[in-house]
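Colleague: The structure's right below; bear with me while I get my questions together.
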Amino acid sequence: MKNLKLVLMGCAVVGLAGGVAFAQGASGSAKAGAGAAAGAGSAKAADKAAPPAMQMPKPAQELLDMTKNMGGTWKCTGKVHMPGADMDVTADIKGKMDVDKMWWHESLTQTKSKTPYKFEAYMTYDAATKTWMRVAVDNMGVVESTTSSDGKTWTGTSMGMGQKAQVKTVATPGDKTLNLVGTMSADNGKTWTPTFEMDCKK
């Protein structure tokens, strides 16, 4: 980008100097040369005043530390709590660093189902506010946005299918294990209803 700026500046200076020389005629060639020199000096000054190229941020160390053992495929079993009934579920979760290692990308696919539930989730850490952030979208048209201060208890909102609710997920990691428990509130946090429980292993 800097080289492109220099080329464009150079073309502008040459074109301006040529136009001045053409207007003044042969008798004004000395003044045109002086104008070209002044223009070149202006280009150098403009180049010096140009702001430095933007430095892309690096992944937070907290994100790298948390995710270093989360890669690969996790096998999960658990229950989804439906109104009046519980449903046994199994699923695979695959994780990897993504988007220039600024986000942790999780893909969940329900197994042993003809019409499997799926979601894609992205998680990162904002070092400036010391906050974990996570957003997930699924194949039912639902989007969930949550934050966490410790990377274990996540709270936020879920929207889709004409409904909006508060959600909370508690993650308890172990030695190559992960337990997930989800709850939901439709009355602004007054009451919470269990939504799912999952035990995952590598």
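Colleague: Of the numbered conditions (1) surrounded by 13 or more Cβ atoms within 10 Å (Cβ to Cβ); (2) of a type in the set (Gly, Ala, Ser); (3) in contact with a strand residue (DSSP E or B) (Cβ under 8 Å, 6 or more places away or on another chain), residue 127 fails exactly one; give the number of that condition.
Modeller: The single condition residue 127 does not satisfy is (3).
Colleague: Looking only at the stretch 153-164, decide whether some residue is touching a Phe, Trp or Tyr at 6+ places or on another chain (Cβ under 7 Å) and among the β-branched types (Val, Ile, Thr).
Modeller: no
Colleague: Of all residues being in contact with a Lys or Arg (Cβ under 9 Å, 6 or more places away or on another chain) and in contact (Cβ under 8 Å) with a residue 12 or more places away in the chain in the stretch 52-63, which is surrounded by the most Cβ atoms within 10 Å (Cβ to Cβ)? Just the residue, please.
Modeller: For the stretch 52-63, the residue satisfying everything is 63.
Colleague: Oh, and also: In the stretch 1-118, which helices (runs of 4 or more DSSP H) lie fully inside it and hold 1 or more residues that are at negative phi, out of contact with any Pro (no Cβ under 6 Å at 6 or more places or on another chain) and modelled with pLDDT of 55 or more? Reasoning before the result, please.
Modeller: Values: elements: 2-24, 29-49, 61-67.
Hits in the stretch 1-118: 29-49, 61-67.
The values are calculated or read from the model by the stated rules, or taken from the named source; none is laboratory data. Model, not experiment: these values are computed from the prediction. Here the Cβ is made from the backbone with ideal geometry for all residues, glycine too, and neighbour counts use every protein chain on show.
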